[in-house]
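Let me begin by presenting the structure, written as structure tokens, before commenting on it.
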Number of protein chains: 2
Amino acid sequence: MDISSLAPDVRHFLGQAAYCELGEFEALARAVATAPNLAVKEGLSAAAGRALSKHHGLITEIRRRGHEPATEMAPFVVNLDEFRRKTSGADWHELLLSCYLAGGLLDDFFIRLSDGLPRDIGPRVAQLLGEDSGTDVLVHELQTAIETDRALGSRLALWGRRLVGDTLLVARSAMPATDLSSDERADSAAGADAAAAAGASAEARIEPVFTELIAAHTRRMDGLGLTA
Amino acid sequence: MDISSLAPDVRHFLGQAAYCELGEFEALARAVATAPNLAVKEGLSAAAGRALSKHHGLITEIRRRGHEPATEMAPFVVNLDEFRRKTSGADWHELLLSCYLAGGLLDDFFIRLSDGLPRDIGPRVAQLLGEDSGTDVLVHELQTAIETDRALGSRLALWGRRLVGDTLLVARSAMPATDLSSDERADSAAGADAAAAAGASAEARIEPVFTELIAAHTRRMDGLGLTA
């Protein structure tokens, strides 16, 4: 089994990343609608616009390849909708933290994964996803709230720790190595061996990526004054 | 009283139009979140992006003049939030019709009003607000639903007629001539006379604008197969 199998399938990648950014947009749009004041609403609307612009950039890539966006995103709806439902939070601050932490981790993740895409698309997608997310306003709101309300800070620290688990699971399910499930490949003993070997190799390559993602997540938590 | 008083105050215009587009964005974002399928969700997300882009274009104009967006929009929040609440509709199709009809009418209205703005900003704002709103997907969804469900068609026709009233009231309250209320100006008999004369002249100039707005609204209703 060639290790290039770790490179994501372009269609799979684009459909999943596009739906992921649409979910981030929807979460931010809810934060806009329920913002406590006009200045914050205005700042959040810019962040929502950034997520939407990333989404539409990925849709453009899908169309450029002659595919239908809705068809390409469809396989990821159930899993990602469930993720957004679980991470929508009990109040506005939890929602804001979800937008910031999950959005940041998933952008990081898809940028990292885009390394494995063909040269005619990978760098362009990485640049698109790496654009400023406009999340300064989220950081500022969260920092202020955490500084002035210790109980909220403790609750948000717990929420952040729960979020990272759910978000890493979503990222993990997006890795091409998950295609190497024994159910699909183990119809012969040789196939099972090859799959097991490839799986082990995939895990070895995936591990450092997740270490990086978790380190960046921890820096975001620290920046807010939360213990990861 | 000079009839140039009918020209809108630039700050007033920008603050109000900006908050109006933000409200349109929020309504469309709700339609995105509750869309019945992925293709429609995707189409609506583009329309939401257009409203947001108009909003941010107006915010750029506000900042360019050295003003703070939240401060400039604040005076319009109560009135426009109440308008959005009243026009949010009982279900997804009513919400969609509101986005289409109110969004169209208010864009038309602010474009018309921008004629009275200074030359260094009026035409730029008119161009911004005149950009494609991406509402084809709304029209398509509404047409299809109305064709296949006569009862829904009757209900939406009623809703459209109610909407136009509420939307024209919002537009009317945005006209500079409403500053000429007798309460504020009638502290002397001469003032009251001048205000009354200016008011009458303002009404005479406003009348054809509203006739145009209603004609465009009627064409939108006709295009959907609804009787205005």
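Which of the trypsin sites (Lys or Arg not before Pro) found in the range B:98-135 are loop residues per DSSP with 13 or fewer other Cβ atoms within 10 Å of their Cβ?
Here the trypsin sites (Lys or Arg not before Pro) that fit, given the DSSP loop and packing criteria, are B:Arg119.
So if I take the centroid of the Cα atoms in the range A:13-52 and the same for the range B:25-45, what is the distance between those two points in Å?
13
All other residues with a Cβ under 9 Å from the Cβ of B:Ala70 taken together, and with Lys, Arg as +1 and Asp, Glu as -1, what is their net charge?
My count for the surroundings of B:Ala70 gives -2.
Starting from the Cα of A:Ala216, move 7 Å in the Cα-to-Cβ direction to define the label point; list residues of the range A:87-109 whose amide nitrogen is under 19 Å from there.
Inside the label zone: A:97-109.
On the rotation axis linking copies B and A, which residue of B comes nearest by its Cβ, and by how many whole Å?
Closest Cβ on chain B to the axis mapping it onto A, in Å: B:Ala29, 2.
Give me the percent of accessible area attributable to carbon and sulfur for the range A:3-224, probe 1.4 angstrom.
Carbon and sulfur atoms account for 54 percent of the accessible area of the range A:3-224.
Given Cβ point charges of +1 (Lys, Arg) and -1 (Asp, Glu) and nothing else, what value in debye, to the nearest 20, does the dipole of the protein assembly as shown about its Cα centre take?
Values: 46 positive and 66 negative charges, 15 e Å.
Dipole size: approximately 80 debye.
If the only charges are +1 at each Lys and Arg Cβ and -1 at each Asp and Glu Cβ, what is the size of the charge dipole of chain A around the Cα centre, to the nearest 20 debye?
Details: 23 positive and 33 negative charges, 76 e Å.
Dipole of chain A, to the nearest 20 debye: 360 debye.
Compute the distance in nm between two label points, each set 7 Å from the Cα along the Cα-to-Cβ direction, one at B:Thr144 and one at A:Leu169.
Each label point is offset 7 Å from its Cα along the Cβ direction, giving 3.4 nm.
Given label points at 7 Å from Cα along Cα→Cβ, what nm distances, shortest first, separate A:Asp132 from the same residue in every other copy?
Relative to the other copies, A:Asp132 has label-point distances of 2.8 nm.
Taking the convex hull of the alpha carbon atoms in chain B, what volume per residue do you get, in Å³?
122
Using 1/(1 + (r/R0)^6) with R0 = 35 angstrom and r between the beta carbons of A:Glu131 and B:Leu158, what's the FRET efficiency to the nearest 0.05?
Working: r = 45 Å, r/R0 = 1.28.
The pair A:Glu131/B:Leu158 has a calculated efficiency of 0.20.
Can you classify the range B:100-177 as rounded, prolate or oblate using the Cα gyration tensor, where a ≥ b ≥ c are the square roots of its eigenvalues, rounded means a/c under 1.5, and otherwise it's prolate if a/b beats b/c and oblate if not?
Judged from the Cα gyration tensor, the range B:100-177 comes out oblate (a/c at least 1.5, b/c at or above a/b).
Using only DSSP helix segments of four residues or longer, with each worth -39500 (n - 2.57), what per-residue ellipticity at 222 nm results for the protein assembly as shown after dividing by its residue count and rounding to 500?
Values: 20 runs with 350 residues, N = 456.
It comes out at -26000 deg cm²/dmol, rounded to the nearest 500.
At a Förster distance of 30 Å, what's the computed FRET efficiency of A:Glu203 paired with A:His67, Cβ-Cβ distance as r, to 0.05?
0.45
Give the aspartates and glutamates whose C-alpha is closer than 18 Å to that of B:Lys86, dropping any in the same chain fewer than 8 places away, or say none.
B:Glu21, B:Glu24, B:Glu26, B:Glu94, B:Asp166
Once the label point is set 7 Å along the Cα-to-beta-carbon vector, what list of distances in nm do you get between B:Gly165 and its counterparts in the other copies?
5.5
Could you do me a favour and compute the accessible area per residue for chain A, 1.4 Å probe, result in Å²?
For chain A, the solvent-accessible area averages 45 Å² per residue.
What does the net charge come to around B:Ala39 if you take all other residues with beta carbon closer than 14 Å to its beta carbon, with K and R at +1 and D and E at -1?
Local charge sum for B:Ala39: -3.
Across the residues of A:32-43, average count of Cβ atoms on other protein chains within 10 Å?
4
The values are calculated or read from the model by the stated rules, or taken from the named source; none is laboratory data. Values in this document were obtained by computation on a predicted structure and should not be read as measured data. Positions of Cβ are generated from backbone atoms using ideal geometry, with glycine treated the same way; all protein chains shown enter the neighbour counts. Keep in mind that these areas ignore ligands, DNA and RNA; they rest on the heavy atoms of the full protein, side chains included. Shrake-Rupley method; radii C 1.70, N 1.55, O 1.52, S 1.80 Å.
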